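The values are calculated or read from the model by the stated rules, or taken from the named source; none is laboratory data. Computed from a predicted model, the values in this text were never measured in an experiment. All Cβ positions, glycine included, derive from the backbone under ideal geometry; neighbour counts span all protein chains shown. In case anyone asks, the SASA skips ligands and DNA or RNA and just uses the protein heavy atoms, side chains included. Shrake-Rupley method; radii C 1.70, N 1.55, O 1.52, S 1.80 Å.
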Amino acid sequence: MKLPGGQMDVLKESTVLHGLTEKEILEFLEPCEFKTVSKGQIILNEAEIGQGLYIILSGEVEVFLPKENR
C-alpha cells in the first residue's frame, strides 16, 4: 500500500500510531478503508455504535451535541 504524500507523516504523529515503524503502520492499515467526506457531512451521530476508528488525515471535524446534553 502506498499512501499519498505527507499522509504517512500525519499517521506517525497520531496518538494511536505514534512510535510505530512505517512497516507496522502499513500492516495496521491493510484492512482499513479510506474515505473522503464533504464539508458538512455527518460521519457519526451521538449514541450510534461506531463501526471503526476514524483518523483525520487532513481537514477538521466539528463535534455537536444536542442542547439537552450540554
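Just one of (1) touching a residue at least 12 places away in the same chain (Cβ under 8 Å); (2) open to solvent by 80 Å² or more (accessible area, probe 1.4 Å); (3) among the polar types (S, T, N, Q) trips up Thr15, so point out which.
With (1) touching a residue at least 12 places away in the same chain (Cβ under 8 Å); (2) open to solvent by 80 Å² or more (accessible area, probe 1.4 Å); (3) among the polar types (S, T, N, Q) applied to Thr15, the lone miss is (1).
Identify the residue in region 59-70 that is assigned to a loop (DSSP other than H, G, I, E, B) and open to solvent by less than 100 Å² (accessible area, probe 1.4 Å) and, among all such residues, is modelled with the lowest pLDDT. Quick ask: steps written out before the conclusion?
Start the filter on region 59-70 by keeping residues that are assigned to a loop (DSSP other than H, G, I, E, B), which leaves 59-66, 70.
Going one step further and asking which of them are open to solvent by less than 100 Å² (accessible area, probe 1.4 Å), we end up with 59, 61, 65-66.
Values: Gly59: 88, Val61: 90, Leu65: 81, Pro66: 78.
Filtering first and then ranking leaves Pro66.
List every residue pair whose Cβ atoms sit under 8 Å apart, with the two residues 6 or more apart in sequence or on different chains, where the first one lies in region 1-12 and is open to solvent by 80 Å² or more (accessible area, probe 1.4 Å) and the second, anywhere, is among the aliphatic types (A, V, I, L, M) and assigned to a helix (DSSP H, G or I).
Every condition considered, the pairs that remain are Met1/Leu26; Met1/Leu29.
Looking at region 23-48, which of its residues are open to solvent by 90 Å² or more (accessible area, probe 1.4 Å) and either over 28 Å from Pro66 (Cα atoms) or under 16 Å from the mean Cα position of the chain (by Cα) (or both)?
Scanning region 23-48 gives Lys23, Glu27, Glu30, Pro31, Glu33, Phe34, Lys35, Thr36, Lys39, Gln41, Ile42.
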